[in-house]
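One structure is given below, encoded as structure tokens.
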């Protein structure tokens with residue numbers, strides 16, 4: 001999945017993901033997600049059929065379903081087989097997304113989301129908060145200089 005453009009609407013294909021689910025209190029995600037990112041990078045060779053060029057974060061903004069609560073950091077796989085201990089699978093259906101490219105400190109990612117959401121409002125796209133949203137990380141190793149495309153699910 002290669003997407004590096006601002007303010008673009010794309011149709012994403014179904015994704016099969018394998019990685020880690022992070023579940024904690026809201027303020028702890030900024031601490032726990034980077035730990036999971038490092039662990040995924042360390043263990044990616046254990047994942048069969050992996051397409052490890054990027055890491056993909058997935059989350060649902062508003063859900064009442066416990067199984068959709070949290071944040072998943074994963075790699076895409078061609079198929080599920082022999083999932084490593086401690087890892088999970090997640091299938092993201094084909095969806096439409098509004099995208100925004102952010103390159104810089106991870107602490108500024110909320111500002112990038114604000115820009116994306118303002119652009120969506122201006123252009124009359126409706127955000128679907130009960131669906132899977134994605135963050136496609138092209139570079140995640142340095143938290144002060146990440147390269148990520150935000151994909152917000154739209155109608």
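The values are calculated or read from the model by the stated rules, or taken from the named source; none is laboratory data. Given the structure is predicted, the values throughout are model-derived calculations rather than measurements. So basically every Cβ, Gly included, is an ideal-geometry build from the backbone, and we count neighbours across all protein chains shown.
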**Study point:** Matching residues in region 19-40 - criterion: being at pLDDT 95 or above and either more than 12 Å from residue 55 (Cβ to Cβ) or in contact with a helix residue (DSSP H, G or I) (Cβ under 9 Å, 6 or more places away or on another chain) (or both)
**Key:** 19, 20, 21, 22, 23
Review point. Checking residue 151 against (1) touching a helix residue (DSSP H, G or I) at 6+ places or on another chain (Cβ under 9 Å); (2) modelled with pLDDT of 95 or more; (3) part of a strand (DSSP E or B), which test does it fail?
Key: (1)
Study note, to complete from the structure: Of the residues in region 98-121, those that are under 14 Å from the mean Cα position of the chain (by Cα) and part of a strand (DSSP E or B) come to 98, 99, 100, 101, 102
Practice item. Output yes when any residue across region 74-97 is in a strand (DSSP E or B), in contact with a helix residue (DSSP H, G or I) (Cβ under 8 Å, 6 or more places away or on another chain) and closer than 21 Å to residue 29 by Cα, and no when none is. Key: yes
**Study point:** The listed residue being under 14 Å from the mean Cα position of the chain (by Cα), without any contact (Cβ under 8 Å) to a residue 60 or more places away in the chain and surrounded by 13 or more Cβ atoms within 10 Å (Cβ to Cβ), out of 47, 73, 56, 51
**Key:** 73
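Of these, 86, 111, which one is modelled with pLDDT of 95 or more, in contact with a strand residue (DSSP E or B) (Cβ under 9 Å, 6 or more places away or on another chain), over 23 Å from residue 13 (Cβ atoms) and loosely packed, with under 13 Cβ neighbours inside 10 Å? Spell out the reasoning first.
Numbers: 111 fails: modelled with pLDDT of 95 or more.
Result: 86 is the single residue among 86, 111 that is modelled with pLDDT of 95 or more, in contact with a strand residue (DSSP E or B) (Cβ under 9 Å, 6 or more places away or on another chain), over 23 Å from residue 13 (Cβ atoms) and loosely packed, with under 13 Cβ neighbours inside 10 Å.
Search region 41-68 for residues being part of a loop (DSSP other than H, G, I, E, B) and farther than 25 Å from residue 101 by Cα, and hand back the single one that is modelled with the lowest pLDDT. Spell out the reasoning first.
Of the residues in region 41-68, the ones part of a loop (DSSP other than H, G, I, E, B) are 47-49, 61-65.
From what is left, the residues that are farther than 25 Å from residue 101 by Cα are 47-49, 63-65.
On the way: 47: 98, 48: 97, 49: 97, 63: 88, 64: 85, 65: 88.
Applying the filter and picking the extreme gives 64.
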Review point. Mind checking which residues of region 128-148 are outside any loop (DSSP other than H, G, I, E, B) and without any contact (Cβ under 8 Å) to a residue 40 or more places away in the chain?
Key: 139
